[in-house]
1. Helix 61-80: angle to the longest alpha-carbon principal axis of the chain, degrees 0 to 90, nearest 10?
2. What list of ³J(HN,Hα) couplings, whole Hz, do you get for the range 107-114 from phi and the Karplus terms 6.51, -1.76, 1.60, once you set θ to phi - 60° and write x for glycine and proline?
3. Ignoring everything except DSSP H segments at least 4 long, calculate the 222 nm mean residue ellipticity for the chain; use -39,500 (n - 2.57) per segment, divide by total residues, nearest 500.
4. Computed FRET efficiency, Cβ-Cβ of residue 338 and residue 144, R0 45 Å: what is it to the nearest 0.05?
5. Under 5 Å between amide hydrogens, which residues at least 5 positions from residue 344 or on another chain qualify, with H placed 1.01 Å from N in the peptide plane?
6. Treating the beta-carbon of each Lys and Arg as +1 and of each Asp and Glu as -1, no other charges, what is the dipole magnitude of the range 226-303 about its Cα centre, to the nearest 20 debye?
7. What dipole magnitude, in Debye to the nearest 20, does the chain give about its Cα centre under +1 on Lys/Arg Cβ and -1 on Asp/Glu Cβ?
8. To the nearest Å, what is the center-to-center distance of the range 245-324 and the range 164-203, using C-alpha atoms only?
Amino acid sequence: MLDRPHQTPEAPTRDERALSRALSGQHFIGGRFVPARSGKTFAVHNPATGEKVAEAAEGDAADVDAAVTNAATAQKAWARMPSRKRGALVAQCAGLIRAHVEELARLIALETGKALRTESRVEANTVADILEFYGGLGSELKGESVPFAPDVLSVTVREPLGVVGAIIPWNVPMLLMALKIAPALVAGNTVVVKSAEEAPLTVLRICELMGRILPAGCFNMLSGFGPECGAPLVSHPKVRKITFTGSAEVGRIVSKTAADKLIPVTLELGGKSPMIVFADCDFAKTVAGAITSMRFTRQGQSCTAASRIYVERPIFDAFVAALAEKVDAMVMGDPLDEKTDIGTIISREQFDKVQRYIDEGLATAGATGRACSAMPADPALKKGLFICPHIFTGLGHDSRLVQEEIFGPVTCVFPFDDAEAVLQAANDSEYGLAASVWTNNLRVAMAFAHRLEAGLVQINQNLVVQANLSYGGVKSSGLGKEASLEAMLEHFMHKKTIMVNYQ
Ligand code: NAI
Ligand code: MG
């Protein structure tokens, strides 16, 4: 284990390496840092260099039980606190996060390889925004009055569910965590988060920061592996709700355990999101939009990445050329360097997985894969998990590259002639998370918006998830919504009916 556990700085720091060492080896349970009961830890690496930056506590069922017990005890008093006061505390946490944006951005860049300027800082700011948004909704936990009989007052009130277990991934860990903890807490639940094994540090720091404001036990954090630490959290009898973001494969496992316990579950799973480009679009805006849509700055590690791009034939060649030229001009390099546009892939496992898809695409007869952007020249980065963004054309629609979620910087571009056929192709996917349509014809855009099988359709833009916009997929992309007021009311509370007979 690395030395100096839990002597984290009080004030925001710019020394992300010292901070990651200080966060080493700890869970956060009941308002304080504690090591794993087993004493075990696992290494956390900087994917840009391969260096070990920390050791994380390796949680198991005993740690889960300690965290859930603390959360269950804290929940009673937390739920009795007036909801506006809970909201005010969560909003106060937002302020503390804002004061630490630079620190959190540097730390997440270190542990995930996401570029500071284009990704990490944006994510840290969005966390504060989400906490602020939900913090203001404490007085919106309203029920209804129900007409029943003249002398009977029948009303519904909303109540929290109890202890919420949240399992998060590594791609945008702090933002995806905020979407879960903010509504859960404001609604009067307490939370135990299981962080992703690849990115346990920044979310732990956030938990510690929020622990300065929230009562002990309201927000607990465990690090560890899926089967050993995630699974016991889902199956723990005192956990009354599970919210999960990650792969469809694990989502199904989580969902089965939740079904056995008869508890509600929210799932945010994968995607294979189509981007449909008509010849009458604003060409320059749409090419730039494809860069954002594909989340190239995040190495394509996004569930909403526009990994299938359909372009109307008259502009197909020009579009592919312009896109490749623009991606070529992006700078891939040290995630902590302000000049860098594109950072690294998260882990060796993901790197190998993405590389296998690229190799398969390159070996496919009739397909062309164009590698864009240069590998970083800096010798310090030679062990870094950098992959050149690839733009594929000429693939069949049944190719694995077109049907499976790659979660890397790989997009497949197709020409189309017929609107009806392209709509069918766009919907020919097991996933249904997001889609975008680029055209100046509002009639066509709206027809597509209604007929695309997706939880989120954007016309002439493709923004990432935002506070106040309902977010969540259909088909294998998930179950339930996040990010909105309704998400808090429907997924983190239940309705109780109260009837008063005053005859
Ligand atoms: P994963 O689904 O295995 O991991 C997500 C989280 O679930 C992690 O915290 C992990 O520890 C936990 N987990 C794993 N097994 C579990 C179990 N049996 N019970 C409870 N929790 C468990 O995702 P992974 O392996 O990191 O990535 C694999 C693929 O999943 C990616 O290539 C990508 O296609 C997809 N993915 C999608 C994400 C999204 O935002 N929807 C995020 C991350 C991955
Ligand atoms: Mg996995």
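1. Compared with the principal axis, the helix lies near 60 degrees.
2. So the J values, rounded to whole Hz, are 5, 6, 4, 5, 8, 10, x, 7.
3. -11500 deg cm²/dmol
4. 0.30
5. Under 5 Å from the amide H of residue 344 lie the amide H atoms of 114, 115, each far enough along the sequence or on another chain.
6. On the way: 10 positive and 6 negative charges, 66 e Å.
So the magnitude is around 320 debye.
7. Numbers: 51 positive and 55 negative charges, 312 e Å.
In total the dipole reaches around 1500 debye.
8. Going from one Cα centre to the other spans 22 Å.
No lab work stands behind these numbers, since they all come straight from the coordinates. Owing to the predicted nature of the structure, the values given are computational and were not obtained by experimental measurement. Glycine gets a Cβ as well: all are built from the backbone with ideal geometry, and neighbour counts include every protein chain shown.
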